[in-house]
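Before any comments, here is the structure.
The values are calculated or read from the model by the stated rules, or taken from the named source; none is laboratory data. Remember, predicted model here, so these are calculated numbers, not experimental data. So basically every Cβ, Gly included, is an ideal-geometry build from the backbone, and we count neighbours across all protein chains shown. For the accessible areas, the whole protein counts, side chains as well, though only heavy atoms, and no ligand, DNA or RNA atoms are used. Shrake-Rupley method; radii C 1.70, N 1.55, O 1.52, S 1.80 Å.
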Amino acid sequence: MEKVIADQEILDSIIKPTSIAVIGASSKPGKIGYNVIENLLASKYEGKIFPINPNASEILGFKVYPTILDVPEPIDAAIMTIPAKLVLGAIEECGQKGVKGIIVITSGFSEVGERDLERQIVEKANSYGMRILGPNIVGVLSNTNKMNASFAPTLPLPGKGALISQSGALLIALDMATFTRKVGFDKLISIGNMSDISFADLINWLDKDEDTTSISLYIEGLKDGRAFMEACRAAKKPIVALKSGVSEHGAAAAASHTGSLAGAANMYKAVFKQAGIVQASDLGNLFDRTLAVSLQPEFRGDNLLIITNGGGVGVLATDAAEKYGIPLKFAPQDVQMELKKYMPEFGSAKNPVDLTGVASAEWYESSVRNSLMHPWVDALTVLYCEVAITHPMDVAMAIKKAVDESGVKNKPVTVSFVGGVESDKAMQWLVENNIPAYATPDAAVNAIAARRGRSVKPHEARERS
Ligand code: COA
């Protein structure tokens, strides 16, 4: 069946509903129908919650309705936590009720061969103008909307990007990992079997969402490659994607199961490149690159300047720059003359700029500010080795002050502090102040390279010309 792009209003009703019915809400702790109500409450969801269950009268303080048709108020989204064989009938009732969007948490559809049942629920929903997210998903989580409409234990650490994941278990794991990686998300959306609402639908919606600055994807396989490409190419926001099964062996293994993924490694690489998508190499890199694209502007041009107080990390970053396709060039004479003012005789103003181990926070501040303001510099990576004469937090605050006072908002900056606990704290502070910071020079350069991957986007090419 030819799919049309889900319209804005229907996706609003799924991602930021003002009222939710939970069909299969349960009063029994441990059941998914209980978790969803509990999570909506715990996340301080401000919309209306209507538990639906023919055998209960009250759940966690909410009045329970036997069917959705008994609810006396309008409902934006219905979440299904009933067994697969009951979903079709419940969707019919949702249609009669005038519900706009359906979130089907329930498993037991095409992933276990029940393709007809999956097709039937989509046809039923669409016949009433409703759209389905799922089935076989964890749900939808949004910090902005204070909504944990899922059975994942908590909202993620707040951040500015959105993540769409095809794997539910991975979405929960990444949700928890936001707290240890200290990289937050505004929204997490589980997409599961993609019976109806696709990556393309969600990318279109998130691109217009004012609370989302970037879009991260975990992809196992696409159903509609063309719509996906069009959505990505049209998107103005950066997109980072982690595709599983991209190695030759992984693709071959996947191909031997389904046949559909044969050649996936090269095909997806080409598709991502054409669509201007930044590819992540693994889960850690998905977090790292998401942090950079959600906080920093695009890297337009070729000139990356690296400022450091340690020759060793400077060399590591230089190697990384070449590895990630941005080989360093020596800074022009006027840049070097300016930077020479903030280093001892034995420093180097070429590129990497080595302020040396005696560099003060003030030297960092002046060199970062002046570099950013120079037209030759297109992007900046600032490195710091924790040395006795400076405190990491002073250096972090100097970098932030310099970035702010430069007034430059169209050049990306990434940072790496190598050191101990105090360096970690300083980096966390930088991230909280919108400057991506990483434990290794390689990661900081990889992150700045991620801001470059998108420069092929057609609308940006138009803007530049
Ligand atoms: N309307 C409303 N409630 C209904 C109903 C209907 N038509 N029919 C049954 N119910 C109630 C049941 O009485 C039960 O309530 P109770 O706990 O008070 O008895 C509740 O809905 C749930 O039904 P139940 O039969 O107990 O199902 P379950 O909780 O064992 O399993 C799912 C339901 C959805 C959790 C399960 O089918 C499933 O799909 N699990 C996997 C989900 C998953 O992991 N998804 C993500 C994959 S990444």
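Residues in region 86-117 that are over 17 Å from Ser13 (Cβ atoms) and away from the ligand (no atom under 13 Å from the Cβ) were compared, and the one that is least open to solvent (accessible area, probe 1.4 Å) is Gly113. Residues in region 432-446 that are at pLDDT 95 or above and either in the same structural domain as Ile277 (by TED's automatic domain parsing) or of a type in the set (Asp, Glu) (or both): Asp442 only. Beta carbons closer than 7 Å, at least 6 apart along the sequence or on distinct chains, never pair a first residue in region 338-354 that is under 16 Å from His374 (Cβ atoms) with a second that is among the acidic types (Asp, Glu) and open to solvent by less than 10 Å² (accessible area, probe 1.4 Å).
Given the residues Thr154, Thr180, which is the only one that is open to solvent by 10 Å² or more (accessible area, probe 1.4 Å), assigned to a helix (DSSP H, G or I), out of contact with any Lys or Arg (no Cβ under 8 Å at 6 or more places or on another chain) and more than 22 Å from Lys243 (Cα to Cα)?
Working: Thr154 fails: assigned to a helix (DSSP H, G or I).
None of the other options fit; the residue is Thr180.
Of all residues in region 210-242, those being under 17 Å from Val271 (Cβ atoms), open to solvent by less than 30 Å² (accessible area, probe 1.4 Å) and modelled with pLDDT of 90 or more number 15.
Applying the set (1) more than 15 Å from the ligand (Cβ to nearest atom); (2) of a type outside the set (A, V, I, L, M, F, W, C); (3) buried (at least 24 other Cβ atoms within 10 Å of the Cβ); (4) more than 25 Å from Lys223 (Cα to Cα) to Asn148 leaves exactly one unmet item: (1).
The single condition among (1) at pLDDT 95 or above; (2) within 13 Å of the ligand (Cβ to nearest atom) that Ala169 does not meet is (1). Within region 165-177, the set of residues being under 18 Å from Ser244 (Cα atoms) and either surrounded by 21 or more Cβ atoms within 10 Å (Cβ to Cβ) or among the β-branched types (Val, Ile, Thr) (or both) comprises Ser165, Gln166, Gly168, Leu171, Ile172, Leu174.
Condition check: touching a strand residue (DSSP E or B) at 6+ places or on another chain (Cβ under 7 Å) and within 14 Å of the ligand (Cβ to nearest atom). Does Pro66 satisfy that? Spell out how you get there, then give the answer.
Details: touching a strand residue (DSSP E or B) at 6+ places or on another chain (Cβ under 7 Å): no; within 14 Å of the ligand (Cβ to nearest atom): yes.
No.
You will find that of Ala162, Ala177, the residue that is more than 16 Å from the ligand (Cβ to nearest atom) and touching a strand residue (DSSP E or B) at 6+ places or on another chain (Cβ under 6 Å) is Ala162 and no other. Among the residues of region 322-339, is there at least one that is among the small types (Gly, Ala, Ser) and more than 22 Å from Thr440 (Cα to Cα)? Within region 322-339, one or more residues are among the small types (Gly, Ala, Ser) and more than 22 Å from Thr440 (Cα to Cα). Selection of region 330-344 for residues being farther than 14 Å from Thr381 by Cβ and either part of a loop (DSSP other than H, G, I, E, B) or open to solvent by less than 40 Å² (accessible area, probe 1.4 Å) (or both) yields Phe330, Pro332, Val335, Gln336, Leu339, Lys341, Tyr342, Met343, Pro344. Answer yes or no: is there a residue in region 35-45 that is out of contact with any Gly (no Cβ under 8 Å at 6 or more places or on another chain), over 22 Å from Asn148 (Cα atoms) and either in the same structural domain as Ser198 (by TED's automatic domain parsing) or more than 9 Å from the ligand (Cβ to nearest atom) (or both). Checking region 35-45: not a single residue is out of contact with any Gly (no Cβ under 8 Å at 6 or more places or on another chain), over 22 Å from Asn148 (Cα atoms) and either in the same structural domain as Ser198 (by TED's automatic domain parsing) or more than 9 Å from the ligand (Cβ to nearest atom) (or both). Among the residues making up region 390-431, those that are surrounded by fewer than 18 Cβ atoms within 10 Å (Cβ to Cβ) and part of a helix (DSSP H, G or I) are Met393, Asp394, Lys401, Asp404, Glu405, Val421, Glu422, Asp424, Lys425, Gln428, Trp429.
When region 187-212 is examined, which residues are found to be part of a loop (DSSP other than H, G, I, E, B), in contact with a helix residue (DSSP H, G or I) (Cβ under 9 Å, 6 or more places away or on another chain) and farther than 14 Å from Ile137 by Cβ? Those that are part of a loop (DSSP other than H, G, I, E, B), in contact with a helix residue (DSSP H, G or I) (Cβ under 9 Å, 6 or more places away or on another chain) and farther than 14 Å from Ile137 by Cβ: Asp209, Thr212. Being open to solvent by 20 Å² or more (accessible area, probe 1.4 Å) and more than 16 Å from the ligand (Cβ to nearest atom) is a property that does not hold for Lys31. State yes or no: is Glu58 open to solvent by 40 Å² or more (accessible area, probe 1.4 Å), within 12 Å of the ligand (Cβ to nearest atom) and in the same structural domain as Pro158 (by TED's automatic domain parsing)? When the stated conditions are applied, Glu58 passes them. Answer yes or no: is there a residue in region 345-352 that is touching an Asp or Glu at 6+ places or on another chain (Cβ under 6 Å), assigned to a loop (DSSP other than H, G, I, E, B) and surrounded by 15 or more Cβ atoms within 10 Å (Cβ to Cβ). Yes, the conditions are met somewhere in region 345-352.
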